[in-house]
Amino acid sequence: MKPALLGACAAFALGTMALAPAPLAAQAHDHAHAAAAAPAVSGAIAAALADSRRPKVDVDRDAARHPGQLLAFAGIKPGMKVADVMMGGGYFTRILAGAVGPQGKIYGYQAAEFIGFRPAYGDEQKAVVADYPAVTPLNMPLAEIAFPEKLDAIITVQNYHDLHLGNFPPDLASTVGKRLYDALKPGGTLLVVDHVANTDPGFTVPAKLHRIDPAAARAEIEKAGFTFAGESKLLADPADPHDKNVFDPAIRGKTDQFVYLFKKPG
């Protein structure tokens, strides 16, 4: 896997759960009713979305990304301690900072590997902290990811497939999964959102299309100790054939995405 592919995939994270994908007809039905089925957005999350410190480019993405409903689905509340893992440009980090309020804590993690390939990620991380001083930046290597305290929740959006890029060790996803599990309090939650791939239990697709098989991802995360707590069809799109690279102009910004919620028992 060439470093350029890692950089391209990581760069896509700037912008921006389910068993194996349901039949297209069922997906279409779920997608059409996603907004009605989504949890109500709390006042704290709504206020975070309306925060004037958010960049216009982020606000413009809200209609497609449904951040309020996603964070409501993850159970994000004031006072929680939450990590945004592989934070990209900080789209969700900024919203989380407002949603947990002054009594909460946010950790914005960007992998050292990504910053090494594209130093601007480090600059963007610093920009988030400048606007939201309560955010604690972390940037250790992926295999060493850890937090100074136990967390209530972790989110990772459009990034889980990165753990299976070809220039990483084949066991990296398992290593990271166990570290995320250890980072959470008993009963803590992990929200995973990513681009849907067709059946691919051997994880050959992430390096080619920057997608991941939802069933394979779920099995891998459960192997780390997590229990599956539910899914949302909020970002489902039955028009996506799952066979194109997510950067392909024909599909970019219109991918079918799974939204999975996991819990640490206890």
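Cα gyration tensor of the range 50-157, axes a ≥ b ≥ c as square roots of the eigenvalues: rounded (a/c below 1.5), prolate (a/b > b/c) or oblate? Don't skip to the answer; put the middle values down first.
On the way: a/c = 1.58, a/b = 1.17, b/c = 1.34.
Verdict is oblate for the range 50-157.
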Say the dipole of the chain comes from +1 at the beta carbon of Lys and Arg and -1 at that of Asp and Glu; which of V157, F114, A146 then lies farthest toward its positive end? A146
Run the dipole for the range 3-263 about the Cα centre, Lys and Arg Cβ at +1, Asp and Glu Cβ at -1, nothing else charged, and hand back the magnitude in debye, nearest 20. 500
Pairs of alpha carbons in the chain whose separation is greater than 34 Å (percent): 9
Any aspartates and glutamates with Cα under 18 Å of the K178 Cα? List them, leaving off those in the same chain fewer than 8 positions away. D84, E144, E149, D152, D162, E220, E222
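Counting other beta carbons within 10 Å of each Cβ, put I115, I45 in order, fewest first.
Details: I115 17, I45 25.
Exposure proxy ranking, most exposed first: I115, I45.
Going by how many other Cβ atoms sit within 10 Å of their own, how do M86, M80, M140 line up, fewest first? Show your work: numbers first, answer last.
On the way: M86 24, M80 21, M140 12.
The most exposed by this proxy come first: M140, M80, M86.
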Selection from V41, L261, A173, by position along the positive dipole direction of the range 3-263 (Cβ): V41
Simple label model, 7 Å out from Cα along Cβ direction - D62 to T199, nm: 4.1
Spin-label point model (7 Å from Cα, Cβ direction): what's the A47 to M140 distance in nm? 3.3
Rank the residues K263, K126, K185, K81 as a footprinting-exposure proxy: fewest other Cβ atoms within 10 Å of their Cβ go first. K126, K185, K263, K81
Pairs from K150/K263; K81/K263; K77/K233; K56/K233; K81/K208 whose Cα-Cα separation, in the structure shown, is over 24 Å: K56/K233; K81/K208
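Values in this text are rule-based calculations from the coordinates and carry no lab data. What you see is a predicted model, and the numbers here were worked out from it, not measured in a lab. Cβ atoms come from the backbone with ideal geometry, glycine included; neighbour counts cover every protein chain shown.
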